[in-house]
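Below is one structure; the comments refer to it alone.
Just so it is clear, none of the values below were taken in a lab; they were calculated from the coordinates. Computed from a predicted structure; not experimentally measured. Backbone-built Cβ (ideal geometry, glycine too); neighbour counts: all protein chains shown.
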């Protein structure tokens, strides 16, 4: 039997939807159910979990559901434990910066959901502090591990597109207001004071998708709005939505690629998946979603002619070819957890550190500034 090597992980925010479902159940508990994470020396890394949150009752419920016993509402006490090596944060954004700062001071390696902080200055301060402390650090960038985007990456690596010209992204769905049907997202998402807003939430995603798949973002132009100004919270009480629920962005990338991405919680879905990216190049095009990816090569591109006087006889969607899986795709959150754990345990390479998280916050901040000022803004390099 392989030797089991324990690694202590403080998990803050596991009573929330994302922290519970993706990070606890589908990632770390899934690793435990598989017998641990295999390391190069033949041993298996075994996550020992310490659940942290504000509600002892909620923590007790989560722990009892999964046979866990180690939970506390005292973050300081959890971080003081010598058997804990990693701090993970999936709290609401407004609480994240302070908690990560405490974890860095305690000498823990940092792995966190995005956005890293509510401001760029706060994100930079955390990244610098982590570097100074010599701890390893990473930010969740789950979209890169989606099967659809993995297939898109395969096409890019294989030179399918020729010279890439543009990227067009559509993300979003209708989030119910909460009066006659319960909202699918928590009410804090729509309050600016609590760190809500679709720009703060989604622009960090778009940053790493564009940067990692294509090239760095050099300018941003954004229009931001709150389409639904009145919503109802979890208790059924009406409140004013002070955070943006839709953003329409244009991003110019290094090398001349132009990306347009619409993000909205006030749009009804008329596409195959909740997020889709169309990439057009001189040799071919692709449309990638969460799981699927369809392509049209230059040699098979039809030659439509605009004529509004005649009925349409072509079914354009049928003229695209589905990209095969060609491999097994694991849960993206779990795959990234495994990479970060190996980074901590074996010093394996890891790209997406707190500086990557800070660049995502930077793009969100500049997007909001662009919308306020009505102008195109350059994205400068961060000063480390």
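For the options 320, 206, 355, a Gaussian network treatment of the chain with springs between C-alpha atoms closer than 10 Å singles out 320 as fluctuating the most. Here 116, 29 are placed in order of increasing Cβ neighbour count within 10 Å, fewest first, which gives 29, 116. The tail of the calculated P(r) for the chain beyond 29 Å holds 47 percent of all Cα-Cα pairs. Plainly put, the stretch 57-152 has a radius of gyration that is 1.03 times its Kirkwood radius, both from alpha-carbon atoms, as the Rg/Rh ratio. So for the stretch 264-384, considering every pair of alpha-carbon atoms, how many percent are separated by more than 22 Å? Tail of P(r) above 22 Å: 66 percent of Cα pairs.
Note on the stretch 119-208: Kirkwood radius taken over Cα pairs, Stokes-Einstein applied at 37 °C and 0.692 mPa s, translational D equal to 194 µm² s⁻¹. Only helices enter this figure: runs of n ≥ 4 DSSP H residues, each worth -39500 (n - 2.57), summed and divided by the residues of the chain, yield -9000 deg cm²/dmol at 222 nm to the nearest 500. Relative to the longest principal axis of the Cα atoms of the chain, helix 354-373 runs at roughly 50 degrees. The GNM of the chain, with springs linking C-alpha atoms under 10 angstrom apart, assigns the highest mean-square fluctuation among 57, 335, 356 to 57.
Return one number: the angle in degrees, 0 to 90 and rounded to the nearest 10, between the long axis of the Cα atoms of helix 120-133 and the longest principal axis of the Cα atoms of the chain. The answer is roughly 50 degrees. The distance between label points at residue 301 and residue 262 comes to 2.3 nm (points 7 Å beyond Cα on the Cα→Cβ vector).
Here r is the Cβ-Cβ distance between residue 154 and residue 105 and R0 is 25 Å; the resulting FRET efficiency, rounded to 0.05, is 0.05. Between residue 184 and residue 248, the simple label model (points 7 Å from Cα in the Cβ direction) yields a spacing of 2.3 nm.
Its residue count N sets the reference 2.2 N^0.38 Å, and the alpha-carbon radius of gyration of the stretch 1-59 equals 1.25 times that reference. Ordered by the count of other Cβ atoms within 10 Å of each Cβ, fewest first, 223, 343, 205 give 223, 343, 205. Against the chain, whose longest principal axis is taken from its Cα atoms, helix 147-157 shows a tilt of about 70°. For the stretch 118-158, the Cα-based Rg and Dmax, in that order, read 15.5, 40 Å. Taking the fewest neighbouring Cβ atoms within 10 Å as the starting point, the ordered list for 55, 187 is 55, 187. The simple spin-label model puts a point 7 Å past each Cα toward its Cβ; for residue 351 and residue 325 those points are separated by 2.4 nm.
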